[in-house]
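What follows is a short report on a single structure.
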Amino acid sequence: MHVQEWLETVPAVSIYVLVGVVIGLESLGIPLPGEIVLVSSALLASQHGDIDPWILGACATAGAIIGDSIGYAIGRKGGRPLLAWLGGKFPKHFGEANIAMAERSFEKWGMWAVFFGRFVALLRIFAGPLAGVLRMPYWKFAIANVFGGILWAGGTTAVIYSVGVVAEAWLKRFSWLGLVLAVLVGLTSMLILKNRAKKAAAAASAAPSPSPAPEPAPVTVD
């Protein structure tokens, strides 16, 4: 059963809660298909009047912002040991190569990595916890988190819903195409990020380690 077909069997309130919770957990740092659930729900809203797109977008935005904020707090408290623990639990997502790539993005772009990370599947999981681990000032994180959450969650809902309304008859026949497209976009971005992560890890391992400081000469007492 497709995600959208399953969503058609549950009431509207459950869809609002589901979207907010799944996106919130994904933003917190748990690998979940938040984008797929959001796209499927927005398509469903365009075909069924019971689902209000404004409420759906608000729930998605709230989940994204709150989840990222919780992830930031957890990352700030847990520090590097948290990343090591996540690497053991989710090696495909929090492996050393992926963490190295994410850290390079944060070092280069700062708060913009949080903002634009919303639109990249892997960085969407990393952004909150890693910003906390790297001790990004909270005001910078909060600004990027709020505006990024609104633009990604609210914007995705609005675009998918509008397309669904304009092409409702076509989408009823090929409603799976939106889901397939979302999956393909997610897989493509994941492959690109994995390739960059491998290059970052290779560059990090090839970098010469700093030489140890010379030991002080022993002091003799006559």
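The values are calculated or read from the model by the stated rules, or taken from the named source; none is laboratory data. Values in this document were obtained by computation on a predicted structure and should not be read as measured data. We place every Cβ from the backbone using ideal geometry, glycine too, and count neighbours over all the protein chains shown.
In region 1-81, counting only helices (runs of 4 or more DSSP H) that sit wholly within it, the ones holding 1 or more residues that are over 20 Å from Val120 (Cβ atoms) and at pLDDT 85 or above span 12-28, 34-47. The listed residues are Gly186, Gly132, and the only one of them that is more than 28 Å from Gly49 (Cα to Cα), modelled with pLDDT of 80 or more and among the small types (Gly, Ala, Ser) turns out to be Gly132.
Looking at region 104-125, I want the residues that are within 16 Å of Leu25 (Cβ to Cβ) and have a partner that is surrounded by fewer than 23 Cβ atoms within 10 Å (Cβ to Cβ) and of a type in the set (Val, Ile, Thr) with Cβ atoms under 9 Å, at least 6 apart or on another chain. Which pairs are those? Qualifying pairs under 9 Å: Ala121/Val185; Ile125/Ile30.
A single member of Ala144, Ala153 is of a type in the set (Gly, Ala, Ser), under 30 Å from Asp50 (Cα atoms) and modelled with pLDDT of 85 or more, and it is Ala153. Within region 134-151, being of a type in the set (Phe, Trp, Tyr) and touching a residue at least 60 places away in the same chain (Cβ under 8 Å) holds for Tyr138, Phe141. Restricting to region 135-162, what's the tally of residues that are surrounded by fewer than 17 Cβ atoms within 10 Å (Cβ to Cβ) and not in a helix (DSSP H, G or I)? Count: 2. Candidates in region 24-69 are the residues that are more than 20 Å from Gly148 (Cβ to Cβ) and of a type in the set (Asp, Glu); of these, the one that is farthest from the chain's Cα centre (by Cα) is Asp50.
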